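These notes are about the structure you will find just below.
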Amino acid sequence: MKQTIRRLARPAMWLAAAWAVAATPCAWADEAPAAAPCATTAAARSVDYPWMSIGRWQQFYLDHAARAAQGNIDVMFVGDSITEMWPKPVWDATFGRFKPANFGIGGDHTGNLLWRLQTPAIAALTPKLVVLLIGVNNLNLCGESPEQVFGGIRAVVGKLRQQYPAARILLNAVLPAGELPDSAVRRRVTALNAMVATLGDNQAVFFHDYGARFVGADGRLSAQLQPDFLHLSEQGYRLWAEGLGPDIARLLK
């Protein structure tokens, strides 16, 4: 623990507070009953994946608490791996002037994000804008229905509104997944986004669907933009940034 704090060179009080949250009964493992839904149950990661161990998730959690403790953040990006994996050149060129911070973690569902937003250093931030993309892992990893996932996204938006009342929220539609337009996951994403769109009020919550940028004329997704028909290539991130960057600049005015 002390070695971690020294290595990160961050204010110890925030990391101590983060660990205090983690030490509660809903901490790193077995944090919720098996029947508890991913969507609305605030819970830390309890599943090891080949591409994201619980230990690596915990380190992300601590790194994010340390970054939040530094402050000077106008734009918070929160979400899952699609948020986490912004290529640095694209990130810096598109968002660098906005005082951004990236709080995405691969594999997170809405319940994981609800839990992370309770982190004391993150809760204490005063962003001007929150960029939110979450929900696809509820579909793919939790097997939840679009209606269930919508409940989770609605809970996250509510949490953000309560926690950052002065901030605007740029609510992203879940990006298209599944190569073919009639694939099961594509249909679930489409149904989910129809519901998520109702959360936008163009006053505090601004819904934007950038998904059409990734869909070809035949309805297929491009392997050049989404190599696994879910995550983005650097070219895919550049395409997303072309829409996202101007919208962020407009919402910060």
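The values are calculated or read from the model by the stated rules, or taken from the named source; none is laboratory data. Remember, it's a predicted structure, so these values are computed and weren't measured experimentally. Note that each Cβ is placed from the backbone with ideal geometry, even for glycine, and that neighbours are counted across all protein chains shown. Side chains are part of the model used for accessible areas, which takes the heavy atoms of the whole protein and leaves out ligands, DNA and RNA. Shrake-Rupley method; radii C 1.70, N 1.55, O 1.52, S 1.80 Å.
So the values come out like this:
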quantity: Members of region 209-250 found to be in contact with a strand residue (DSSP E or B) (Cβ under 8 Å, 6 or more places away or on another chain) and either without any contact (Cβ under 8 Å) to a residue 24 or more places away in the chain or open to solvent by 20 Å² or more (accessible area, probe 1.4 Å) (or both), listed by number; calculated: Asp209, Val215, Phe229
quantity: Odd one out for Trp14 among (1) open to solvent by 30 Å² or more (accessible area, probe 1.4 Å); (2) within 30 Å of Leu251 (Cα to Cα); (3) outside any loop (DSSP other than H, G, I, E, B); (4) modelled with pLDDT of 95 or more; calculated: (4)
quantity: Residue within region 63-75 that is assigned to a strand (DSSP E or B) and in contact with a Lys or Arg (Cβ under 9 Å, 6 or more places away or on another chain) present; calculated: yes
quantity: In region 87-107, residue surrounded by the most Cβ atoms within 10 Å (Cβ to Cβ) [restricted to those that are part of a helix (DSSP H, G or I) and charged (D, E, K, R)]; calculated: Arg97
quantity: Single residue of Ala173, Ala155 found to be at pLDDT 95 or above, closer than 17 Å to Pro37 by Cβ and small (Gly, Ala, Ser); calculated: Ala155
quantity: Selection count where residues are outside any helix (DSSP H, G or I) and open to solvent by less than 10 Å² (accessible area, probe 1.4 Å), scope region 117-126; calculated: 2
quantity: Answer residue from region 134-157, given it is open to solvent by 40 Å² or more (accessible area, probe 1.4 Å) and either in a helix (DSSP H, G or I) or aliphatic (A, V, I, L, M) (or both) and is nearest to Phe206 (Cα to Cα) among those; calculated: Arg154
